[in-house]
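Written out below as C-alpha cells is the structure these notes cover.
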Amino acid sequence: MAGDTDTEMKTVHTDNINIDNYRKLVQTYLNLHAYNTALFWADKVVALTSGNPRDIYWLAQCMFLLKQFHRAVHLLRSKNLDKTYILCNYLTVRCLLEANEFNEALKVLNSMDMEVFLQANTISSYNVSVEAGMFDDTPKYQVQSSVLLLKGRVLEAMDNRGLASDCYKQALQCDVYCFEAFDALTQHHMLSAAEEQELLSSLPISQQCTIEEAEVLYTLYKSKLKKYNTIVGIVPNKNKKLIFNNTPLQTSTVVIRKNFANVLDTTRDTSTTENTNISENEVNKNLDNKVAMDPSETSVQVRLQNSLDLVVSQAELYYYNCDYVQCSKLTEHILKQDPYHTSCLPIHISCQVELKRSDKLFTLAHNLVDLYPNLAISWFAVGCYYYVIGKRDSARKFLAKSTSLDRLFGPAWLAFGHSFAVENEHDQAMAAYFKASQLMKGCHLPLLYIGLECGLTNNVRLAERFFQQAQLIAPDDPFVMHEMGVIAFQNLEYKAAEKHFQDALARVKPIKDSIVPERWEPLLNNLGHTCRKLKKYEEALEYHHQASVLSPQSAGTYSAIGYVHALMNNTGEAVHWFHKALGLRRDDTFSTTMLNYVIEQLSIEQLPYPDAPDYIPTFELAATTGEDNTTHESESINAGRQISASDMSIEIDISDANTFIKE
Amino acid sequence: MEGEIIQTKLDLINVKKDLIIGIRECAQRGLYHSAKWLAEINFSIVDVTLPPDVHTSNDLPLETEAYLLAKSYFDLKEYDRCSFFTESCTDSKARFLHLYSQYLSIEKKKLDNMTDSNCPPDPTKNNALRQLCAVLKEDYFLHKLDGYCLYLYGIVLKKLDLNSLAMDIFTDAINEQPLHWGAWQELALLVPDKTTLLSLRLPDHWMKSFFLAHVYLEQLNSEEALDIYYDLHSQGFEKSTYVMAQMAIAYHNRRELDKAIMMFKDLLHSDPYRLDNLDIYSNLLYVKEMKTELANLAHTAVNIDKYRVETCCVIGNYYSLRAEHSKAVLYFQRALKLNPQYLSAWTLMGHEFMEMKNTNAAIQSYRQAIEVNRRDYRAWYGLGQTYEILKMPFYCIYYYKQAQQLRPNDSRMILALGETYEKLEKHENALKCYYKACNLGDVEGTALIKLAKLYDKLDEADNAAAAYTEYCLKEGDQRGVYETENEIYNAYQYLANYHLKRGQLEDAHAYAYKCIEYDEIKEQGKALLKEIANRRGELEAQLLKSTDQSNQNLTDCTNDGNVSNMEMVFSPLNN
C-alpha cells in the first residue's frame, strides 16, 4: 500500500511544496489511526493536485475510516470515479454496504464491467483502465476476488443467497487465500457438508501456492468444514494427517482423542498408547509453552496448532460429538488467551447452555454486552442465559435483538425456535426454524428441528419429509438417523426403525467398548423399545442396560426394563424394576399401572414360600418336623399366562425421546 | 466349603507386615476408615513382634510438593482446593487424592444442601457425579486406575445405581489392593447371595476370611459367619474388638439376645468409648425392654459424641421405648442428616412412623432403607405392614415374601404372609404358610389356631382336629387372656363336635365338659353333653339289639374318615 514513491503519477511542482510529502503524511496518519488529520491533509492534497483520482481515492478512504460513508460515496461518484477505477468502485460499494443501501450498492457494482477490467488485465493492451484500475501494486487477482466477495456480501444482505454463494465461490477461485469468502460460505452454512468438501477439492490451491503452502492451506480450511457427520474417533486425524501417516487406525477412540494432546510432541514419540497421564490441563500447558519449544523439532503444521482457530475447530468437534465437558475445557482455554475470540464464542456459549452453567453465561453475557453492545453474539449470550434459567420470554426478547443486529446469525434463530419449542409452542417454533433454514441453506439442523416439531404435532408424514431433506444435506449425521428411526417406530415399521437406530449407533460408537457420550442414552433406549416390539427381548434388555450405564438412575429406562421383563414373564424382575422406576419418579402412571398388574400376577404365580408343597400338608399331632421338602416343586400355577401388549394399551412414550435433541 | 479356605493357618507375622503397609497406604490416601479398621486389627495382635529386619519404615518415597499440599487441604476438608492442585499430578497417590476429593466434595455438598430441607437429596440430580464417573470411565478404559482408584470408580458406580458393574470393579480393586478393607466392605454390601459370592474371583489373602464372614453376616447366614469368627478368634484375633462386635451381631441375628448382650457388655468393657455398632446393642436392649441399661447407654453415648449416627440411634431407641415417638423420630432424623446412608435409622424411623400411624412417612422411610440395603428384612416386613394398612394385599404379599426369603426361618414373616393370603381368600396358600410357621416354632403362638381354622374351612376335618388338639394341649393352661380364651373354647367346642360326629363319645364328652367352663359357650356345651348322653343311650340300645351288626358299624365310624363327612350333616352343631 505504501506506494507513495511511485513517480509515474503526475506531480505538480508548486514552488517549494513536495506533494509527495503530504501524501506521505496522509499515509502516516492513517497508519496511526488519526483519521481526522489524515482527512485534513488528504483534502489538501486533492486540492493541490486538483483532483488526481488516486488522491481522491485516499480522501474517500479517510472518510470511510471515519464512517462518513455517504460523504465518501458522494465524493467518488461526483468525480465519476466509481465507473472508471476498480478500486474506487470497490470503495463506493463498500461504503454503500456499510450504509445499508444494498440496491444502490448493487447498481454501482454492476455499472462497472468486470469483464472489461479483466480483459484489460489479461490482454494488457493499452487501456485507460489498466493503469487506472490499480493505484498500487495490489495484485489483480486479489482485487478481483475482493470485488467478488463484496458482491457476494451485498447479495447476501439482499437475501439473494444463491447468487451470493456463487460470488463467494468465484472469489475463492480467484484467490484461494481469500478466507473471508470461505468463512462466509462455511459459517453461514451456505453449503452442505458434501458441497463444502467438493468446493475444497475444486479450489486451485496447487496452482496458486507452493506444495508446502498448499498443504497448510488445505489443512487450515479443512478444519473449518462441517463437523456434524464426523466422529471423534475418525476425524481428529485430519489435523495431523500429514504428520503421522502411520498412526495405527485400530487405536481406540480415547487414544485418538489423546492424539490431539500428543500432537505437540509427536516427534519425540508417536506411540500413542503409552499410559502417561496426559490431562487436558497439560494440553493447555503444552499449548502455552509451545513457543519455548525448539522450532527445529516442530514442523509448520505442528506449530500452526498454536493458532487458536484450530483449537476452536477441535472444540467444535467435541461439541458435535456431545462431549461438552471436553469442549468447554478447550473453549475456556481459548477464551483465557483471547477473551473475545469471535468464532469461539458461539461454541462456548452453546456449550455452557448444554452444561447449564448459568453463572458462567451470566458473567460472559454481561461482559460482552458492556463491551460489544452492537454485536449479535453479545445479545445471543444474554438470550441464552435467560433460556437456561427458564425465563423464556426474556430469552426471546434478547434473541430477537440478536437476530435484528445480524440477520444471518443462525444460532440465535435456532435458540429463538428452541425457546418456543420448550413451551410447546410448536407453530411459533417452526416459524423460527423455517427462518433459520432459509438463512442456513447448507445446515440440516433447522430442518431436523422442523421435523421434530411436526412429529410432536402428530404430523408424522410431514416430519418424515423434513427428516429426509435433512438427511440429504447431512447423510451421516446420527441425529438425523435417530429421528428417522423414531418416525419409523411411530409408523410401526419396527424393522426399519431398528435399522435406522443401528446405523446411528454405528456412527456414534465406531469401535466396540468405546465411550459413547451420555447424550445418546435415548438412542439406546429407543433401540431397546424397537427390539421389544420385534420380540427380541434379550437384546432389548441389553440395550436398556447399556442406556442405564450411559445415563444412570433414569426412571424411564428402569420402567422400560421392567416392561421387557414383564413381557418375558420374569414377573419378579419386573416388579423389582418398576419399583426402582417409581422410586425415582413417583407420578409415573405407566409404571404404577404396570406394577399393580405385575405384582398381582406375581402373587398368583409364585409359591407362597420358596419350598412350599403343592398339596395341603397334613397335620401330625405334636409333630413339628418340617421334612416334607421331598415333594416335587410345583410349577407355578398360572405360568402360562401371557401378557400381550394389546391388553395393556399404555405404550412407553417415545415422543419424549424426541425432545432430547433440542437445545 | 469355607472350611478349606479357613483352615490355612494364618501367619501372623506376615499379617502384621501387611497391616503396617496397608495402614500407611490407606492413611496416605485419606481412606481413614480402612486405616482405622486395619489399625484395630493390628492392635489386636499387638503381641506379635516383627523380626527387626522387616522394618521398612524409612524407605518412604519422597512426596511431591503438590501431594503434600493437596493432602493438607484434604485433611482440612477443603476438597475443591485439593482437587485443583492435584489436577496435573501423575503419581498414583496424588491422582487418587484428586479424584477422591472430587467425590467427597460432591458428597459434602449434597449433605450440606440437605440441612436446609429435611428430605433426602433427589437422586436424579447428580450431574457432578456423572461427570466424575465419565472421567473415571475413561481412565478405566485406558487401564490407568490403580487399586484405590478402582475402588473409587466402584463407589461412584454404586452411587449411580450400577450395581453389577460396581461389583466387577470392586473385585478388580480387591485383586489389586487386597489390603484395602473399604473395597471388601463395599463388595460385601453388593453380593446378593451365596452363589454369587462363591463365583467371585478373589485373591487368596488372609483378608478373605474377614470378608467371607462379613458377607455371611450381611446375608443373615449367622452360622457360617460365626464359624469363621470362632476360627479367627482362635487364631490370634481373640482381642479384636471388631471380631467381637461381629460375633455379637451374629448372635443378635440368631435371636440369641442374651448372648449378644453379654458380648456387647464385654466389648464395652474393653473399649468403653467405642460407638461403632452400638445401635445394634441399643436394639437388643430395646427388644428386651431393659430400660435402665438403655438409658445408661444413651447417656454414655451422648457423653462420647453427641453427633454420631450411632448416638442418635441409641437415643431414638430410648425415646421409643418410653413411647415418645415423635422425639424418637427427631433423633433418627438427626442421624440421617449426619449420614443419609445410615440404614438402621431409616428402618427405625419407619417403625416410629408406624407407631404414629403415619403410613406415608413410614413407607418413605422403609423404602429408603431398602435403597440403602436390600437385605434389610425389617424394612421389607414394615413395608408389608404399611401396605396391609393401606389395604393393598398384593403389594403386601410381595413385601412379606421378600422379608420371608431373607429370613426363611423366622415364623413371623411367614405368618404375616399367610394372613395376607387368607385375606385374599387364597386359603391353600395361607394354610401352607401357617403350616410352615408352625414348623418353624411359631414365635407369636397364633399360627396354630389359624392353621386349625383353615383346615376346618377347607374341610380337612382330621387335620383341623389334630391342630386344635395340639393347640389345646399347648394353650390349655394359659387362661385369663381374653383372646386366647376365646380361641380355646372355640377349639374345645370344635373338638367336642368332631369327636361326637365320629362317635368317639368319650373324647367328645371330655371336650364338651370343658366347654361348660366358659360362660360364652356354656349352653352349647350343655346341649352337646345332652347329645352325647342321647347317643350313649342309643348306642347301648343298639348294642343290646344286634351286637354283631353294630360292632361293624362302630368300627366303620371310628376307622373311616369318609363316613364322618356324611354324619356331619346330621349333627346339630356343625360349627
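The values are calculated or read from the model by the stated rules, or taken from the named source; none is laboratory data. If you're wondering where the values come from, they're calculated on a predicted model, not measured in any experiment. Reconstructed Cβ throughout: ideal geometry from the backbone, glycine too, with neighbour counts over all protein chains shown.
Can you list residue pairs whose Cβ atoms sit under 6 Å apart, with the first residue in the stretch B:450-468 being at the interface with chain A (Cβ under 9 Å from one of its Cβ atoms) and surrounded by fewer than 24 Cβ atoms within 10 Å (Cβ to Cβ) and the second being among the hydroxyl-bearing types (Ser, Thr, Tyr) and part of a helix (DSSP H, G or I)? Count only pairs 6 or more apart in sequence or on different chains.
Close Cβ pairs satisfying both conditions: B:Asn463/B:Tyr455; B:Ala464/B:Tyr455.
At least 2 residues that are free of Cβ contacts under 8 Å to residues at least 12 places away in the same chain in each: list the helices (runs of 4 or more DSSP H) lying fully within the stretch A:32-105 that qualify.
Those helices (runs of 4 or more DSSP H) span A:35-49, A:69-78.
When you scan the stretch B:386-404, how many residues do you find that are surrounded by 21 or more Cβ atoms within 10 Å (Cβ to Cβ) and either more than 13 Å from chain A (Cβ to nearest Cβ) or of a type in the set (D, E, K, R) (or both)?
Residues that pass the stated criteria total 2.
Which condition number in (1) touching a Phe, Trp or Tyr at 6+ places or on another chain (Cβ under 7 Å); (2) under 22 Å from B:Lys125 (Cβ atoms); (3) of a type outside the set (Ser, Thr, Tyr) is the one that A:Arg586 fails?
(1)
B:Ala166 versus (1) within 11 Å of chain A (Cβ to nearest Cβ); (2) over 25 Å from the mean Cα position of the chain (by Cα); (3) surrounded by 22 or more Cβ atoms within 10 Å (Cβ to Cβ): which is the lone unmet condition?
Here B:Ala166 meets the rest and fails (2).
Taking A:Leu317 as the residue in question, decide whether it is assigned to a helix (DSSP H, G or I) and modelled with pLDDT of 85 or more. Lay out the reasoning, then the answer.
Working: assigned to a helix (DSSP H, G or I): yes; modelled with pLDDT of 85 or more: no.
For A:Leu317, the condition - assigned to a helix (DSSP H, G or I) and modelled with pLDDT of 85 or more - is not met.
Exactly one of these conditions fails for A:Ala72: (1) within 18 Å of A:Gln170 (Cα to Cα); (2) at pLDDT 85 or above. Give me its number.
The single condition A:Ala72 does not satisfy is (1).
For (1) at pLDDT 75 or above; (2) closer than 30 Å to A:Cys322 by Cβ, each residue gets a yes or a no:
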| position | (1), (2) |
| --- | --- |
| A:Pro139 | no, no |
| A:Gln144 | yes, no |
| A:Arg153 | yes, no |
| A:Asp159 | yes, no |
| A:Leu172 | yes, no |
| A:Glu195 | yes, yes |
| A:Ile211 | yes, no |
| A:Lys227 | no, yes |
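Give just the number: which of (1) closer than 22 Å to A:His576 by Cα; (2) assigned to a helix (DSSP H, G or I); (3) not polar (S, T, N, Q) does B:Asp161 not satisfy?
The single condition B:Asp161 does not satisfy is (2).
For the stretch B:428-447, how many residues meet the condition of being within 9 Å of another protein chain (Cβ to nearest Cβ) and at pLDDT 75 or above?
11
Here is a yes/no grid of residues against (1) farther than 20 Å from B:Asn113 by Cβ; (2) touching a strand residue (DSSP E or B) at 6+ places or on another chain (Cβ under 9 Å); (3) touching a residue at least 24 places away in the same chain (Cβ under 8 Å); (4) surrounded by 20 or more Cβ atoms within 10 Å (Cβ to Cβ):
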residue	(1), (2), (3), (4)
B:Asn339	no, no, yes, no
B:Tyr342	no, no, yes, yes
B:Phe353	yes, no, yes, yes
B:Gln368	no, no, yes, yes
B:Gly384	yes, no, yes, yes
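Are there any helices (runs of 4 or more DSSP H) wholly within the stretch B:462-575 with 1 or more residues that are at pLDDT below 60 and touching a Cys at 6+ places or on another chain (Cβ under 7 Å), and if so which? Reasoning before the result, please.
Details: elements: B:482-501, B:505-515, B:522-545, B:547-559, B:561-570.
By residue number, B:561-570.
Inside the stretch A:531-563, can you point out the residues that are more than 11 Å from chain B (Cβ to nearest Cβ) and of a type in the set (A, V, I, L, M)?
Residues satisfying the conditions are A:Leu534, A:Ala540, A:Leu541, A:Ala547, A:Ala560, A:Ile561.
When only residues in the stretch B:405-414 that are in a helix (DSSP H, G or I) and either surrounded by fewer than 18 Cβ atoms within 10 Å (Cβ to Cβ) or out of contact with any Phe, Trp or Tyr (no Cβ under 7 Å at 6 or more places or on another chain) (or both) count, which is nearest to the other protein chains (Cβ to nearest Cβ)?
Our first condition is that a residue be in a helix (DSSP H, G or I); within the stretch B:405-414, this holds for B:405-406, B:411-414.
If we keep only those that are either surrounded by fewer than 18 Cβ atoms within 10 Å (Cβ to Cβ) or out of contact with any Phe, Trp or Tyr (no Cβ under 7 Å at 6 or more places or on another chain) (or both) as well, we get B:405, B:411-412.
Values: B:Gln405: 7, B:Ser411: 11, B:Arg412: 13 Å.
Looking at the filtered set, the residue picked out is B:Gln405.
Given the options B:Leu220, B:Leu179, B:Leu187, B:Leu200, name the one that is buried (at least 24 other Cβ atoms within 10 Å of the Cβ) and touching a helix residue (DSSP H, G or I) at 6+ places or on another chain (Cβ under 7 Å).
Values: B:Leu220 fails: buried (at least 24 other Cβ atoms within 10 Å of the Cβ); B:Leu179 fails: buried (at least 24 other Cβ atoms within 10 Å of the Cβ); B:Leu200 fails: buried (at least 24 other Cβ atoms within 10 Å of the Cβ).
Testing whether each residue is buried (at least 24 other Cβ atoms within 10 Å of the Cβ) and touching a helix residue (DSSP H, G or I) at 6+ places or on another chain (Cβ under 7 Å) leaves just B:Leu187.
Those residues that are surrounded by fewer than 19 Cβ atoms within 10 Å (Cβ to Cβ) and in contact (Cβ under 8 Å) with a residue 60 or more places away in the chain, I need them from the stretch A:534-568; list them, please.
Residue satisfying the conditions is A:Leu567 alone.
Out of the stretch B:202-224, which residues are assigned to a loop (DSSP other than H, G, I, E, B) and within 26 Å of B:Asp18 (Cα to Cα)?
Across the stretch B:202-224, the qualifying residues are B:Leu202, B:Pro203, B:Asp204, B:His205, B:Trp206.
Within the stretch A:343-350, identify whether any single residue is surrounded by fewer than 21 Cβ atoms within 10 Å (Cβ to Cβ) and without any contact (Cβ under 8 Å) to a residue 60 or more places away in the chain, and answer yes or no. Don't jump to the end; show me each part of the working.
Step one: list which residues in the stretch A:343-350 are surrounded by fewer than 21 Cβ atoms within 10 Å (Cβ to Cβ), which gives A:343.
Next cut, without any contact (Cβ under 8 Å) to a residue 60 or more places away in the chain only: none.
Checking the stretch A:343-350: not a single residue is surrounded by fewer than 21 Cβ atoms within 10 Å (Cβ to Cβ) and without any contact (Cβ under 8 Å) to a residue 60 or more places away in the chain.
Considering only the stretch B:162-199, how many residues are closer than 25 Å to B:Leu220 by Cβ, touching a Phe, Trp or Tyr at 6+ places or on another chain (Cβ under 9 Å) and in contact (Cβ under 8 Å) with a residue 24 or more places away in the chain?
Count: 12.
In the stretch A:564-592, which residue that is among the basic types (Lys, Arg) and not in a helix (DSSP H, G or I) is nearest to the other protein chains (Cβ to nearest Cβ)? Give the steps one after another, and end with the answer.
First, pick out the residues of the stretch A:564-592 that are among the basic types (Lys, Arg): A:580, A:585-586.
From what's left, not in a helix (DSSP H, G or I): A:585-586.
Numbers: A:Arg585: 8, A:Arg586: 10 Å.
Here the answer is A:Arg585.
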